[in-house]
Amino acid sequence: MGEWDLIGQLFDSLQAHSPMLGRFWLFLMLVFRIVILGTVATDLFDDEQEEFACNTLQPGCKQVCYDMAFPISMYRFWVFHIIIISTPALLYLLRSPTRPATTPPPPATPAGGKWEEREERKEREEREERRLRRLYLVNVAFRLVAEVAVLLGQWRLYGFKVDAQYPCSRFPCPYTVDCFVSRPAEKTIFLCFYFAVGVVSGVSSLVELFYAAFKWFCQRTETRPADEWSMRSGGGKTHSPMLGRFWLFLMLVFRILILGTVATDLFEDEQEEFACNTLQPGCKQVCYDMAFPISMYRFWVFHIVLISTPALLYLLYVMHHLSKKKPDATRDDTASSGHAGGGKVGREERRLRRLYLVNVAFRLVAEVAVLLGQLWLYGFKVQAHFPCSRFPCPHTVDCFVSRPAEKTIFLCFYFAVGVVSGVSSLVELFYAAIKWFCPRPRRRCSYLSQNLSNWRREEEEGSMKPGGGGKVPPYGAPSSMKLKRGPVRSSGVRKTSGVGHKSSRHPSTRIYVM
């Protein structure tokens, strides 16, 4: 598949000069911005103008009031945000893989020509390396400026809360009318979430800028091209026991697959099919916001992203760690460490295992927190009937949810999957900690085989003695001899042999162990 090779080459050119913080920024961009915006935010903002209601029937009033409340849709603003902060990295990608090849060196002189040719090639490569590093720093600086500018724009346009009610007196409204937004609580959650992701992204870009500048131009360290974007490197699976793969199976099949196939249609028209027994404009919107502060579908998507984040960060670190290891150094460390597991390789192995346990612990905490949040928000049953008395409802109205029994089944199913996932993470945490860090006594050699070998040696020495007719009874024959644990004296040398030899009074050096 040539397209994957091309994508791999593009990512290699981006991250060949990118420290760990640059890969963390890329992770934030892909998972917390592109994935969430492309999966759940589309449905949230799809019908925002259609569900924007004003308490007047004057033609054109709804349109001008919506334009006043939202000069640009938040969804499209965040798409512009992603494009703007990605542009410097894309320009760097276009520059890196298509950089012109170095010109061939001049013909070598008879004396020392090959050495001069190597030196010139090395000098050209170093100049190209420094140029690419400067371009990467310029890319990070522009990304940081764009991030700060877009965050200020978001704060200026929307603030930190989406109001449920907007008073409007623009022409052609006959008077000051009240307009109501659909899903204000859910949109407020998204607004704060994207602002927090932007702050984290900006801080990581700032730290990356200073760290990379200090590392490359003050310490003069070398940068090796990395290959962690290759699909063949199975770095994270090495430290994952069977329970970790069982958790991954739960995640892929019982959460992502089911949520992406059948749950999408179930929750697609939930606000459209939410009905109240009144025609008062805006009453339906505020009552739906009271019944479902955040849609269950989007809550479960946040759940998946939240509990997957520690594993993805661990995988990102392992790939970064593997890209920094040299094969020759690995072989030398393995040879020097021996069977005891010491040395540099042993320390790196222990550090990766500790990080894996931290990943499982964070996953467990996130799982428990999200389960408690689901229990607090929705309980174990979706009610078919919601009484509501919020403004602008004229009285306590009755609102009705579409498909409450089916949504109850999904609610209990996802809660059960979360409980199984949390229990498996807890068992995996203790199992891996005991297996990796609690010392177990080594299994000693079989005492029976050691005793048999000592008996045979005794027989051979007895047969080699001149005139030695005494036989040592085989193992298992009735004898007064007792085999004790540890060093004991051989009772066969204390007795007088049948030929009349005196037994030695010195203890035998043979050792029999049980």
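The values are calculated or read from the model by the stated rules, or taken from the named source; none is laboratory data. Owing to the predicted nature of the structure, the values given are computational and were not obtained by experimental measurement. Every residue, glycine among them, receives a Cβ derived from its backbone with ideal geometry; neighbour counts consider all protein chains shown. The accessibility values were calculated without ligands, DNA or RNA, using every heavy atom of the protein model including side chains. Shrake-Rupley method; radii C 1.70, N 1.55, O 1.52, S 1.80 Å.
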TODO: Being within 18 Å of PHE195 (Cβ to Cβ) and open to solvent by less than 50 Å² (accessible area, probe 1.4 Å) is the filter here, so list the residues in region 23-40 that pass it.
DONE: TRP25, LEU28, MET29, VAL31, PHE32, ARG33, ILE36, LEU37, VAL40
Open item on the list: Looking at the structure I just gave you, is LEU21 modelled with pLDDT of 55 or more and of a type outside the set (Val, Ile, Thr)?
Closed with: yes
TODO: Can you work out which of the residues in region 297-318 that are crowded, with 20+ Cβ neighbours inside 10 Å and of a type in the set (A, V, I, L, M) is nearest to VAL181 (Cα to Cα)?
DONE: VAL301
Open item on the list: As an exercise: evaluate ASP43 against (1) modelled with pLDDT of 80 or more; (2) open to solvent by 50 Å² or more (accessible area, probe 1.4 Å) and give the number of the one condition it does not meet.
Closed with: (1)
TODO: Quick one: count up the residues across region 145-181 that are open to solvent by less than 20 Å² (accessible area, probe 1.4 Å), part of a loop (DSSP other than H, G, I, E, B) and touching a Phe, Trp or Tyr at 6+ places or on another chain (Cβ under 7 Å).
DONE: 1
Task: Output for region 268-285, where each listed residue is open to solvent by 10 Å² or more (accessible area, probe 1.4 Å) and either among the small types (Gly, Ala, Ser) or in contact with a Phe, Trp or Tyr (Cβ under 6 Å, 6 or more places away or on another chain) (or both) - done: ALA275, GLN285
Open item on the list: Condition first: more than 19 Å from GLU273 (Cβ to Cβ) and in contact (Cβ under 8 Å) with a residue 12 or more places away in the chain. Now tell me which residues in region 382-392 satisfy that.
Closed with: ARG390, PHE391, PRO392
- [ ] Scan region 283-304 for residues that are acidic (Asp, Glu) and within 17 Å of ASP265 (Cβ to Cβ) and report the count.
- [x] 0
Task: Qualifying position, being part of a helix (DSSP H, G or I) and at pLDDT 80 or above, among PHE11, PHE27 - done: PHE27
Task: Condition met for VAL64 (of a type in the set (Val, Ile, Thr), at pLDDT below 85 and surrounded by 14 or more Cβ atoms within 10 Å (Cβ to Cβ)) - done: no
TODO: Please determine, by comparing only the residues of region 326-354 that are in contact with a Ser or Thr (Cβ under 9 Å, 6 or more places away or on another chain) and among the small types (Gly, Ala, Ser), which one is modelled with the lowest pLDDT.
DONE: GLY342
Task: Tally of residues being over 26 Å from VAL365 (Cα atoms), polar (S, T, N, Q) and at pLDDT 85 or above across region 272-325 - done: 4
Open item on the list: Considering only region 126-133, I want to know if a residue exists there that is at pLDDT 90 or above and either touching a Phe, Trp or Tyr at 6+ places or on another chain (Cβ under 8 Å) or closer than 30 Å to LEU377 by Cα (or both).
Closed with: no
Task: Subset of region 39-97 (residues that are among the basic types (Lys, Arg) and closer than 30 Å to ILE256 by Cβ) - done: ARG76
Task: Single residue of region 345-403 satisfying the filter (of a type in the set (Phe, Trp, Tyr) and in contact with a strand residue (DSSP E or B) (Cβ under 9 Å, 6 or more places away or on another chain)) that is least open to solvent (accessible area, probe 1.4 Å) - done: PHE386
Open item on the list: For region 195-243: of the residues being assigned to a helix (DSSP H, G or I) and at pLDDT below 75, which is surrounded by the most Cβ atoms within 10 Å (Cβ to Cβ)?
Closed with: TRP216
Task: Some residue of region 101-114 being closer than 24 Å to PRO71 by Cβ and either open to solvent by 70 Å² or more (accessible area, probe 1.4 Å) or modelled with pLDDT under 90 (or both) - done: no
